[in-house]
1. Could you work out the relative contact order of the chain, using alpha carbon pairs under 8 angstrom and six or more residues apart, expressed as a whole percent?
2. Would you please give the residues with an amide H less than 5 Å from that of L28, counting only those at least 5 places away or on a separate chain, with H modeled from the backbone geometry?
3. Rounded to whole Hz and in sequence order, give me ³J(HN,Hα) for region 11-21 from the Karplus expression 6.51 cos²θ - 1.76 cosθ + 1.60, θ = phi - 60°, writing x for Gly and Pro.
4. Quick one: Cα centre-to-centre distance for region 49-68 and region 23-46, in angstrom?
5. What ranking of E21, E37, E26 emerges when the number of other C-beta atoms within 10 Å of each C-beta is taken as an exposure proxy, fewest first?
6. Using only alpha carbon positions, build the gyration tensor of the chain, then give the equivalent ellipsoid semi-axes as the square roots of 5 times its eigenvalues, largest first, whole angstrom.
7. Multiply the residue separation of A15 and W49 by 0.36 nm, subtract the distance between their alpha-carbon atoms, and state the gained length in nm to one decimal.
8. What ³J(HN,Hα) values, in whole Hz, does the Karplus curve 6.51 cos²θ - 1.76 cosθ + 1.60 give for region 42-55 when θ = phi - 60°, with x put for Gly and Pro?
Amino acid sequence: MSRPLEIAACRSACAWDASGERLDDEPLFVCSGCGSEWVPSQPWTPIDWTGRVPGPVQRAVRERRGRG
Ligand SMILES: [Zn+2]
């Protein structure tokens with residue numbers, strides 16, 4: 001990985017979405033609530049304040065599994 005991800009303590013306002021940027025060859029996701037970052041190769045999966053995995057994140061995980 002070309003740089004470390006920003007990981008903040010997620011708060012009750014977490015809302016994840018694709019940033020539109022790419023890190024290495026992966027889509028970069030950001031949390032607008034706390035500023036954390038995530039890419040699909042990470043061993044954890046981000047969730048929104050609602051407790052659900054956001055749709056764009058689910059798609060990215062599925063695409064990554066399909067590729068492997
Ligand atoms: Zn967050």
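Where a number appears in this text, it was derived from the coordinates with a stated rule and is not lab data. Treat the numbers as computed from the prediction; the structure is a model and nothing was measured. Cβ: placed from backbone, ideal geometry, glycine included. Neighbour counts: every protein chain shown.
1. On the way: 107 pairs, mean separation 20.1, N = 68.
With pairs under 8 Å counted, the relative contact order is 30 percent.
2. It is S19, G20, E21, R22, L23, by chain and number.
3. In residue order, the calculated couplings are 10, 6, 9, 4, 8, 8, 7, 5, 7, x, 9 Hz.
4. Here the two parts' Cα centres lie 11 Å apart.
5. Values: E21 11, E37 20, E26 16.
Ranking E21, E37, E26 by Cβ neighbours within 10 Å, fewest first, gives E21, E26, E37.
6. Working: eigenvalues 69, 42, 18 Å².
Largest first, the chain gives 19, 14, 9 Å.
7. Extra length from A15 to W49 when fully extended: 11.6 nm.
8. 5, x, 10, 10, x, 10, 6, 4, 6, x, 9, 7, x, x
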